[in-house]
Amino acid sequence: RRVFYGWYLVVASWLMTFLIYATSTAIFFKPILDEFGWDRATLSLVSSITMLVFAALSPLIGRLIDRFGPRLILAVSAGAQTLSSVFLGLASGLGGVYIGRFLYELKPTHATQVLINHWFIKKRGQALGILSTAIPLGQLVLSPVSQYLIIAWGWRETLYFWAALTAALAAPMIILARDRPENKGYLPDGELDIAENKPAGTPQSITAETGLSLRDALKSRAFWLLFPNHMVCGITCGLLLTHTVIFATDLGYSALIGASFLSIMGGIGLVGVLVTGFLSDRIPRHKVLSLTHFVRSLSILVLAVAVFAGGQSLWLLFVSIAFFGFGWFATSPLVGGLVADLFGNRSMGTILGLVLSSHIIGMAIGAYAGGLTFQLTGSYGAIFLAAGILEFIVCILAYLIKKPSGMRSSFLP
């Protein structure tokens, strides 16, 4: 049997997502600080402001996806990632860093999730889970590679290298993409072939017109449980993505140990997204999301304890980082799948854009709060403690999610 075309799109989307993490903020945070002599709060503010601007644009991008399809936005994102590395590498002051980091925030995450939701229903969790392995694998593989290249070449030259590679790989991936399975003669999951007139039997929700409008989604309880849930996820991600490497150096460990923290999170995260994606096709997706936040909560609270104890126990730091890694990026496919399950296809891009904007706002808050807390207290202990408590609260919120009235889903109560 020939391979369902949707899986090719999963691979293409995976590669685009994978390359993002070669130029993540955490890897380039310290060398940029060392060259320009700024304080941590100033550089953290760059990440926060650019993320907030992108958060404001995210619903608009979602609207464009609904109107023109995800393929166009994928092309824009690929171009933005290339130009991001170029502008940041050429930066001679704060303005250039702002431009580079704003373009970096134009990631393909939004478009790839909508694309995969269009192509899969029964295997949605599995497909999104496989796609999301690009995130931890990017951390696991590309973080130490970039760290090594920075040491060998310098941070600017490293950025130029990734810009060239991204540009070379982006074009064939965009050519491969198709917005909907109907464009290739399929319906979702590859079970029905329109061209061969195979028997019908796929849920009606596959059509573009079915599902809730944005207005109806905003009136639902489910949306307002999901929105803050993903914001808190963003707070903890922004905190650890931005400050992990430099946090390790504060405790007396090398930058390579800090990069290894990111790699550990990435490696365990690979297991996390595959396990949670598999589970979410078999048990209610919101319950898997709740469990994920519970694991994240415990890990961050343990990290806070380790910091308050002086950070001398390296094994405890590695354990807490590993547990956070399990749930770090597992939330992404779960939330992307939940948006499709809860609200259908009609305004999926716009609704997902709003939910993703909450995550971006959270990341901006977490990135800046980490730097500001350190400036005020000389430690990350207090912010880790607060983040762990917030994660426990949204664990409860996720468990309370139910499908809006009028929507059919076998994945939700």
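Say we look at the stretch 173-189 and pick out the residues that are assigned to a helix (DSSP H, G or I) and without any contact (Cβ under 8 Å) to a residue 60 or more places away in the chain; which of these is most open to solvent (accessible area, probe 1.4 Å)? Let's see the steps before the verdict.
Initially, the stretch 173-189 is screened for residues assigned to a helix (DSSP H, G or I), giving 173-176, 181-184, 188-189.
Still in the list and also without any contact (Cβ under 8 Å) to a residue 60 or more places away in the chain: 175, 182-183.
Values: Ile175: 113, Glu182: 75, Asn183: 96 Å².
It comes out as Ile175.
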Just need a number here: residues in the stretch 221-250 that are open to solvent by 10 Å² or more (accessible area, probe 1.4 Å) and touching a Pro at 6+ places or on another chain (Cβ under 8 Å).
1
Does the stretch 46-60 hold any residues that are open to solvent by 30 Å² or more (accessible area, probe 1.4 Å) and under 18 Å from Ser84 (Cβ atoms), and which are they?
Ile49, Leu52, Val53, Leu57
Among (1) under 24 Å from Val141 (Cα atoms); (2) within 19 Å of the chain's Cα centre (by Cα); (3) open to solvent by 60 Å² or more (accessible area, probe 1.4 Å), Tyr8 falls short only on (2)
Subset of the stretch 77-97, residues of a type in the set (A, V, I, L, M, F, W, C) and surrounded by fewer than 16 Cβ atoms within 10 Å (Cβ to Cβ), comes to Leu90, Leu94
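On the given criteria, is Val295 under 16 Å from Ala398 (Cα atoms), among the hydrophobic types (A, V, I, L, M, F, W, C) and assigned to a helix (DSSP H, G or I)? Before the answer, list the steps.
Values: under 16 Å from Ala398 (Cα atoms): yes; among the hydrophobic types (A, V, I, L, M, F, W, C): yes; assigned to a helix (DSSP H, G or I): yes.
Against the criterion (under 16 Å from Ala398 (Cα atoms), among the hydrophobic types (A, V, I, L, M, F, W, C) and assigned to a helix (DSSP H, G or I)), Val295 qualifies.
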If you scan the stretch 30-50, which residues turn out to be in contact (Cβ under 8 Å) with a residue 60 or more places away in the chain and of a type in the set (D, E, K, R)?
Lys30, Glu35, Asp39, Arg40
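Based on this model, can you work out whether Leu279 counts as more than 24 Å from Pro31 (Cβ to Cβ), modelled with pLDDT of 85 or more and crowded, with 24+ Cβ neighbours inside 10 Å?
Details: more than 24 Å from Pro31 (Cβ to Cβ): yes; modelled with pLDDT of 85 or more: yes; crowded, with 24+ Cβ neighbours inside 10 Å: no.
Here the answer is no, as Leu279 does not meet what is asked.
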Considering only residues that are open to solvent by 10 Å² or more (accessible area, probe 1.4 Å) and among the hydroxyl-bearing types (Ser, Thr, Tyr), which ones fall in the stretch 323-356?
Ser332, Ser347, Thr350
Please identify the pairs in which a residue from the stretch 235-251 that is touching a residue at least 40 places away in the same chain (Cβ under 8 Å) and over 14 Å from Ser48 (Cα atoms) has its Cβ atom under 9 Å from the Cβ atom of a residue that is open to solvent by less than 10 Å² (accessible area, probe 1.4 Å) and among the polar types (S, T, N, Q), counting only partners at least 6 apart or on another chain.
Val245/Ser143
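Regarding Gly310, is this residue of a type in the set (Gly, Ala, Ser) and in contact (Cβ under 8 Å) with a residue 60 or more places away in the chain? Even if it seems obvious, please write down each step before you answer.
On the way: of a type in the set (Gly, Ala, Ser): yes; in contact (Cβ under 8 Å) with a residue 60 or more places away in the chain: no.
In short, no.
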Please report, ordered by residue number, the helices (runs of 4 or more DSSP H) entirely within the stretch 55-166 with at least 2 residues that are of a type in the set (Val, Ile, Thr).
70-90, 94-104, 109-119, 143-153
Among Ile268, Ile283, which is over 26 Å from Phe374 (Cβ atoms) and either not hydroxyl-bearing (Ser, Thr, Tyr) or not in a helix (DSSP H, G or I) (or both)?
Ile283
Filter result for Leu241 (closer than 27 Å to Gly125 by Cβ and modelled with pLDDT under 80)
yes
Within the stretch 382-394, can one find any residue that is in a helix (DSSP H, G or I), at pLDDT below 90, aliphatic (A, V, I, L, M) and surrounded by fewer than 22 Cβ atoms within 10 Å (Cβ to Cβ)?
yes
If Val302 passes every condition in (1) in a helix (DSSP H, G or I); (2) closer than 30 Å to Arg221 by Cβ but one, which one does it miss?
(2)
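The values are calculated or read from the model by the stated rules, or taken from the named source; none is laboratory data. These figures come from a predicted structure and were not determined experimentally. Cβ coordinates were reconstructed from backbone atoms using ideal geometry, including for glycine residues, and neighbour counts include every protein chain displayed. The area values use the complete protein model at the heavy-atom level, side chains included, leaving out ligands, DNA and RNA. Shrake-Rupley method; radii C 1.70, N 1.55, O 1.52, S 1.80 Å.
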